[in-house]
Every structure is written in C-alpha cells, then in structure tokens.
1. Tell me, which residue of region D:34-55 that is free of Cβ contacts under 8 Å to residues at least 60 places away in the same chain and under 24 Å from the mean Cα position of the chain (by Cα) is most open to solvent (accessible area, probe 1.4 Å)?
2. Considering each residue of region D:72-96, count those that are of a type in the set (Asp, Glu) and open to solvent by less than 10 Å² (accessible area, probe 1.4 Å), and give that number.
3. Does A:TYR78 qualify as being assigned to a helix (DSSP H, G or I), touching a strand residue (DSSP E or B) at 6+ places or on another chain (Cβ under 8 Å), more than 16 Å from D:HIS242 (Cβ to Cβ) and within 14 Å of chain D (Cβ to nearest Cβ)?
4. Which numbered condition trips up D:SER6, out of (1) within 10 Å of another protein chain (Cβ to nearest Cβ); (2) out of contact with any Ser or Thr (no Cβ under 6 Å at 6 or more places or on another chain); (3) open to solvent by 50 Å² or more (accessible area, probe 1.4 Å)?
5. Give all pairs with beta carbons closer than 7 Å in which a residue from region D:201-221 that is aromatic (Phe, Trp, Tyr) meets a residue that is open to solvent by 10 Å² or more (accessible area, probe 1.4 Å) and assigned to a helix (DSSP H, G or I); count only pairs at least 6 apart in sequence or on separate chains.
6. Mind checking which residues of region D:115-151 are crowded, with 23+ Cβ neighbours inside 10 Å, touching a residue at least 24 places away in the same chain (Cβ under 8 Å) and within 7 Å of another protein chain (Cβ to nearest Cβ)?
7. Could you name every one of the helices (runs of 4 or more DSSP H) located completely within region C:179-283 that has at least 2 residues being over 21 Å from the mean Cα position of the chain (by Cα)?
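The values are calculated or read from the model by the stated rules, or taken from the named source; none is laboratory data. Please read these numbers as outputs of a predicted model, since none were measured by experiment. We place every Cβ from the backbone using ideal geometry, glycine too, and count neighbours over all the protein chains shown. Protein only, heavy atoms only, side chains kept; ligands, DNA and RNA dropped before computing areas. Shrake-Rupley method; radii C 1.70, N 1.55, O 1.52, S 1.80 Å.
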Number of protein chains: 4
Amino acid sequence: MIDMGSNRYGKSAIRLVRIQRDTTPHRIWDLTVSIALDGEFAASYRDGDNSDVIATDTMKNSAYALAKEHLTTSIEDYAIAVGRHFASQPKVQGADVFVEQHRWQPIGTSRDAFVREGSFTRTALARIGGDSLDVQAGIDGMSVMKTTRSAFAGFPRDRYTTLKETDDRVMATKVSARWEYERGAPIDFNATYDAVLATFLDTFADHDSASVQASIWIVGKAILERHAAVESISMSLPNLHHWTVDLSPFGLENDREIYVATTEPHGLIEATVRRSDLAAKRL
Amino acid sequence: MIDMGSNRYGKSAIRLVRIQRDTTPHRIWDLTVSIALDGEFAASYRDGDNSDVIATDTMKNSAYALAKEHLTTSIEDYAIAVGRHFASQPKVQGADVFVEQHRWQPIGTSRDAFVREGSFTRTALARIGGDSLDVQAGIDGMSVMKTTRSAFAGFPRDRYTTLKETDDRVMATKVSARWEYERGAPIDFNATYDAVLATFLDTFADHDSASVQASIWIVGKAILERHAAVESISMSLPNLHHWTVDLSPFGLENDREIYVATTEPHGLIEATVRRSDLAAKRL
Amino acid sequence: MIDMGSNRYGKSAIRLVRIQRDTTPHRIWDLTVSIALDGEFAASYRDGDNSDVIATDTMKNSAYALAKEHLTTSIEDYAIAVGRHFASQPKVQGADVFVEQHRWQPIGTSRDAFVREGSFTRTALARIGGDSLDVQAGIDGMSVMKTTRSAFAGFPRDRYTTLKETDDRVMATKVSARWEYERGAPIDFNATYDAVLATFLDTFADHDSASVQASIWIVGKAILERHAAVESISMSLPNLHHWTVDLSPFGLENDREIYVATTEPHGLIEATVRRSDLAAKRL
Amino acid sequence: MIDMGSNRYGKSAIRLVRIQRDTTPHRIWDLTVSIALDGEFAASYRDGDNSDVIATDTMKNSAYALAKEHLTTSIEDYAIAVGRHFASQPKVQGADVFVEQHRWQPIGTSRDAFVREGSFTRTALARIGGDSLDVQAGIDGMSVMKTTRSAFAGFPRDRYTTLKETDDRVMATKVSARWEYERGAPIDFNATYDAVLATFLDTFADHDSASVQASIWIVGKAILERHAAVESISMSLPNLHHWTVDLSPFGLENDREIYVATTEPHGLIEATVRRSDLAAKRL
C-alpha cells in the first residue's frame, strides 16, 4: 500500500579543473559537474540492498578519470561521454550529466596567466535514456540591461494595482537560458554556442521591449530562426527592478536618472519558445 | 512554425511580516512568498499584448492586502487564499503560491521580544488549477546527523571504485522535504505539521541506516503509516560528508573521532515515497 | 624606499568535526577554525625565502592533530592550545586562532541523533603575542526582534530627512557580538558563555529601546555589571528594517500590523562598551 | 566605571544606479554605497539622546540626492563629496564612504544595451577626518591563475608537515586589493585606476612566483615603482587551492593535468607594501 515513487540519485558539485599546457595560451577547463541517475533502484530504498547502487564516490572518481580522455573538445562532448559511461551500467535507465564551465581568459598575450571571466557561466546538459540522447547548452548568471526602449503598459488594473504605466523604464535581468539541440544532428558545440550567444545579445540589444515576456519571444524566435540545430529555448528571467527614486522632497528633479536597484521582491518570467513540430518529431 | 511552449510568470521573494499584538506572547508571521501563474498568456509573448498580464507588482500588493484578512491561522490557509484570488482571474488556469515561514520564538516569558529559530524553515505550497486544490507542507534547511548506526556497504565495485565499505559512518544531511495532503480532507495544518515533523525526527533518530536511500524509505513510510492525511512525501537529501582524517602521519590514532566536514562534492538523493493507490485516486 | 608594511598569513575555513561517543548523548564538536600568524616574515615576501614560512597546510594538519588532545572542554581552551602551539615557533610574534562552533542538539532523548541548532554560532578568539593571552567569546548570526517598546525620535532634521519620528517601531537585528575576558582570570568558559548569553537575551527582552545605540549601551552595561570577568563587549548590529506597508490604496488600515522586511540598505551600528579602567589595566 | 569605547554607525548596502543618456553609449553608474560616521555620539548610547544622531535613513536620502550633482566623473569624487557632506555636520569627527562599482559594458556598438562585466568590482574609499582626506581605490573579487611558473618549496618541516615541495603548481587566488593615494596630490582617478590595474595584471602574468607572499611583494613593488601617486597597497589573497587528483588507482597518469579545486580550507595571505617614508610623511 506504500511504495516508492520517482527517485534519482547522484553526485553534485564535483569541482574539476583540467589544464592543457601544449597550446599557447594554455587551455583551462574549470568545471562543476553533477551526475544524476535513475533506474531500477527501488530495492536500495525498500530493502537497504546496495548491490546495484553505484557509490556516488565512484561517480566522482569516474568524472575525474573520464576527463583525462574525453575533456578535449567541448563540455557537451564530455557530458555525453560521462553520461554514456553511466547509462550502460546495470539497472540504470537514465543518466543526466550537467556541467557548468567557469571561463578564464588569458591576461594580454600571456601563455600561462589568466583572469576569470565572470560575466556568465556556460552550461551543458547531456540526458541519456535508453537509446535517446538529448543535449542542452545554456547561459547562467548573465546580467543584461536596456537603459531605454523598454516599456510596460496596457496591463489590467484592479483594486490592488498601483503600478504606473511606463513607456520608458530600465529593464534588467539575470539570464538563465537553456536551448535544446536537434537529436542526432552533427553539431559543432563550441561554434554553435558562440553563435547562439551572439544572437541572444544582438537581439536583446536591437529590439524594443513591450515586456519581459515580449523580449523572451523576440530573442527566442530569433535564435530558432537563425540556428537550425536549436529545437527550443527555455529562459528563466528574474526582473532586476530599478525604481526611480523620488527626489522631490529634496527639491530635485529626477527624470529617469537616479534609480534604486532591488532584488526583493522580483518578477520572475519562465518560458519556452520552440518549433511547433517539436512534439510531433519526438513521437 | 515557431511557437510558445510552456510558460508561467509571477512574483518571487515577497518579504512579508505580520505582527499580532493581541496575544501573549505577540504572534510573528515572518514570510517569504512566491506566486506563479500559468494560463492563456501566449499573446503577451507573441504580440506584446499586456491586456491579460496581471502586473507582478499587483501580485505583491495583493499578497500584503490579503495577509490582513487571511494570514490568521496557518501559512497553508494563507497560501490557499492567495492562490484562489489569482486562480479566479481571467486567463489564469493555475496558480502556485509558495510560502516560507521564518520561525521566531519568545525570549523566556517575554511578551514582545523574540529570537529567530534558525533550525529550519517551514514551507507551504498551494497549487490551484481549475477545480483542483493541492496542498503541500515542507521542511527546508534542517541539518540532521547520526553519529553511529549508519552503514554503507555491499555496493558494486568497478575500475573507478575506491570507497571502502563501512558499517559505522557519520551520516549527515540537510533536509528538504515536502509532503502532499489528501485532496479535500479537512486538515488542521498546524497540528498535522507538528505531528509529521515529530515523526520525521523520531524515526530518523530511531532507525539503523543502511544508506541515505534506506533512510528515506524508513522515514517516509513511517510518516505515511502514521498520518493518514499525507498522500506522499518527497525528500531531497544532500550528503554532508564527514571523512575520517588520517592522523597516522602524526603518530595518532583516529578511530572514527576526528572528521573533516565537506560540502563539495556531495551525494544527492531525491525520492518520493507514496501510497500505491495515489495515481488511481487522482484519476 | 619601498618596504613591507603590516602582514599576516594563515589558514581559514578549516572544517573540523570531533565526535565523542563515550557520553550519552554523544558529544559533537563541529567547528570552523581560522589561524593567522604575524611575525618576522618580511624575507618570505622580499626574497621568496620560505625557510620560516610554516605552510598553511601544516596549520591545517596541526588543527586536526591538536583537536585530538585539546578539544575536550571548550572552544576557548582549544583555541588557546592551538595558538600557543604556533606562538612558540621561530619568527612567530603573534597567533590568532578564531573558532566558530556550529551547535547541535540531541533529538529528544536520543544518544546518537542530532539536529543542528541554527539560531546562532558561538565563537572564540585566542590572541597570543609574546607573553600575553587575550580571549574573546562571541555570538554570531543571532536574529532578535522587539515587536514593541522600541522608539526612534528626536533626531535632527535637515534638507534630506524624510523619516518620521516613531514611538513604536519594530526593532530587529542580527547580532554579532564579542566580549573580552579579563587577562589571566580563571574562567569557566562554557558556564560564563551561557551566563553572558542569558544576560544578553534577558536585557534585550526587558528594556525599552530609544535607538539601537541605546540598546547596545543597556545590554552591554548589564553584561559588564553582572559578569566581572568580562572587560569589554563589542557589538555590530545591522538594522533589519521593518517598514509599515501602505495599505490605504486598497482601502485597508494598517496600524503597525503588516510590514515589509528589507535588508538593503540597512543601518549598521558598531560600538564597544568597556570598563573605564581597561586601558590603564593593560599598561 | 563602565563607559563607551570606540563606536561608529551608518548606512550600508545603499543600492544606487544612475543612468546618463546624453552620451553614446549611455553611461551606467551601478553602485553599492556604505557610509560610516564617528564622532561625539556617546550621549546617544548612554542617554538615548538622539539630538545629534543623523538618521541612517537621512544618509540614504543624501546618497541619492548627492549623486545627482556629484556622481559625474569617478566614484572617488562622489565618495569624497558624500564624505565632506557628512564630515561637516555637528559632532561628526570622521566620515568613511565606501563605494563598490558594478561594471557594465555596452553590447557591441549598442547605445542602450549592456551586459554586466563580472570579472571584478571596482571600489573606492574616501576617509575624511578633521582636515585630512585619504582616498583608497581597490579591486574586489578578481580571480586570477598562473598555470605554471609557480612554486612552493623550502618551507620548514615539523611533525605535522605532510605537504610536498613543488616547483610547478597551479597558483590561483581571488584578489582583494586596496591602494592609498598620496594625500593632496591631484589625481585623475579613472586613468590612474586603469593604469594600476594594468600593472597588477601585467606583473602577475610576467613574474615567476616562489609563494603567494613573494607574488604580493613583486606586484606591489611594481605598482609603487610605476605609479608615483600610490603610497601603499594592501592585498588580501585567499589561496584557491588546486590539488592534483590521484588517478593511479585507475591506471592513469596525472602529470599536473587533472586537479580538484577547493575553497575549504584555504590559505589566506594579507599584506601591505608601502613606501618606507610613508609614516614620516604622515606626521
């Protein structure tokens, strides 16, 4: 009458750095890796039987060992290799490998000195289940701002509405985005990543925004139009609100110039833009 | 050919404190509230049409205003009231209201002085969609430890396995748990919360653990057996690893006495224990 | 013409857990230890000469090894033992050992199961230099609130002042406090700690507050009056502002009932209350 | 017999954004401002007399109002203006204004779209007391790494030393640095900042490191040699340790290639490099 429902387990926050010194500049792979498995693990819960439980310590070891051979081209390729390693084990039905890449850039023309590029984290997710392989790439923690050409008006007003309509506000958000690649397509993960990122930034810069929602659509649509390998893109955009400070008590004007930036509370918009034949394809 | 996929939006991190001074001691409600709506909002994305977009600023105002009337008995009742308010608006199909309660306790016998009880946060989620109402209660951030009677052995060994089997390790985790109440059942949310929490702690203290997985089952099963109103419980348990320090280079013995506590990397076990007729009931 | 100025170095964030199983309940020491040394280390900077540089890795090892013998009574005694170990090394002139104790309490009557008590962290600092030994004990991260009997009025008003005077506000703060013990006095560190903490909480609860500043004085003075071994106490108190929400646009009254809690920006009051003969004594 | 010791108070975490739209690209000033005053405030503690206590809310208002006129050239100039405003008030003897600048860069050639540059935060501190004005500029949170040409050897070995000597390790740290400008010298704060930062990075990249201590000296000395307006520089450098992973159990070699990055525990080196006549000058 009482049973196990869905369950998965794995190892998170594996901090792995690989340094390749045979290039100029040296190459730094600075990753945080998380592995999660699902499968026929009910016995480990119900009976305390660990005979099919790959120790999460073994997962950690595997991540380091597999980096030696497979972390050479892209974090997507590495995530796929790690995922396949685990998906082939007994009782495992699905393996998710999520990789965050912390980016470093050489200092000037130095071969061996680097500064961390903190504007965003590049992410990759390889999801392997049975015969299927899905790959997602993503941006995490990239703050962007439009200082003009952003409006928010025409929204309904009820008893609890006090927000004024505006045709010129500051729009800022910290981007968390993931896009899914077409299954089985041959993809140059690094070149495609750079191209999608460029489209994201260009479109964000170029468009006039009627709302965060409208911006998601415009940016997402552009990415799908320009990058055939991208099947869908999901974004989670917290509003980093900038409120105009009332300086009138001090006899000062403030025509959209001095703002207070706040993080609590914040609007949060989460949405996916996708090809409309995506569901059909997957069947 | 390009279309909107799933989407939702709302307001997060609404910090709301209500103080009731007509009791001894005073009563403090210290909450962080998040609201998320889904519904027919595609036009706001595709056309920049905000005519159905309840401003997230309005959501914030509503959370404060509704607290005045509805934040009197439990955070579950408040979450339900806020959720119903939004679920009844045009174009809204579902409303999720998530409440975190930061707990304060009186200092001694004081009527008006309090210290924050930081051992965990109580949470509630009201999920309203069409005619359905689901309520979940939860524990967040409660660190627990077993100093003995915890083992991990019998796991498979492969090329990458170096972990030793142990019949006596320290088990520690930071509990994140949510349990779902039976739909439509009359529930005293505060009394039931206290009772479920007590069962959680008692069972955690009493059992011998063969693994984190086995502990989830034992604790979850006890909660379902003792609390008829609980339909299922989900836990997300990061291992707070405690590794024995090798003191032999210093000529010292260390028989499970001195440990280093680490957070990176950590095992992460996520699982649901449920009544086996749950799916059937929901149809 | 260019020279070294003040400098110190050490190891921070040493996570050390000791478990003693010969008592009921078991005893958990869960510490974060930081060690900092100063002395004649200029050569290590100017000449890259490491011959006097105790490796910070050695400091970490020492912290674990010394825990075996010395972490038995109080974190103060342990900090003193670690400090003395380093202060006796060549070229070391001063050693600071700072210990944070994360507190656990048994679950019910359990011997071996614990829940972390998150209301505050106990701290100790042993500062050893030449023949001197100073010991400080402290409270970190303890949030306290007065729901009434707190005022703030009579402050000067200038062109930039908009704050209204109030005779009944919510006062809340996250306490960071450290008190210094009389040099050379025989002190029961655990009993004294509990007594000082009790005086802090009692006095905080009992007094009427004219400002955070006035509260610091009242609480600090009580501690010095009641605890002869305490020479001085320093507090750093961020205001956790609670602002009354304006509900009048919604036709609702709000007589000090519904508040928004904020952390940015916050007032910050830092002050020391001390015996007036303290400076003289130290000469 | 009990008295007030040192004390100061102020407002922290004032989030202030100014946007200037009369340039291409627009100019974003994104600041976190903290103000702290000391002076004759003992009465506010001992007597609850607020008649000289500038409300911290007034400080916040002043920061916004003064930004309108004074936040036009550099954060140093703004900090000085805010500091002078408060230092001239009755009973104030010293004013510290600390400013963190969160940096944004235009997206491509866009006039009004920006991405946050997260590699580091620029800081400024204006310290005003009586007739004196001290200005410090700083770098916060800049992670840098040397992938080779970093050693650590020749350190003393005692009973607790297990660290191996190395002539080729990875050195990484998160830089927190502040340099002090010559009093009264006319300084172009932005140009000097960029020049000091360039020297920091160039010297870090160029030198061979015998230890973090030696690196501090080499970098600090270069900055003082090349920038006459800099009187001293203080650095706080946590070691971001990178430990070679033992892959031998898996039959793999690891010749300084695969590392685990850790943050707990970490070495912490804090030191000042200064002109040797600095103390004399200040008299």
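1. Filtering first and then ranking leaves D:ASP38.
2. 1
3. Answer is yes for this residue.
4. (2)
5. D:TRP217/C:ARG46
6. Scanning region D:115-151 gives D:VAL144, D:MET145, D:LYS146.
7. C:278-282
Conditions tested, residue by residue: (1) within 12 Å of chain C (Cβ to nearest Cβ); (2) open to solvent by less than 10 Å² (accessible area, probe 1.4 Å); (3) without any contact (Cβ under 8 Å) to a residue 40 or more places away in the chain.
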position: D:GLU225; (1), (2), (3): yes, no, yes
position: D:PRO238; (1), (2), (3): yes, no, no
position: D:THR244; (1), (2), (3): no, no, yes
position: D:PRO249; (1), (2), (3): no, no, yes
position: D:GLU253; (1), (2), (3): no, no, yes
position: D:ARG256; (1), (2), (3): no, no, no
position: D:GLU270; (1), (2), (3): yes, no, yes
position: D:ARG275; (1), (2), (3): yes, no, no
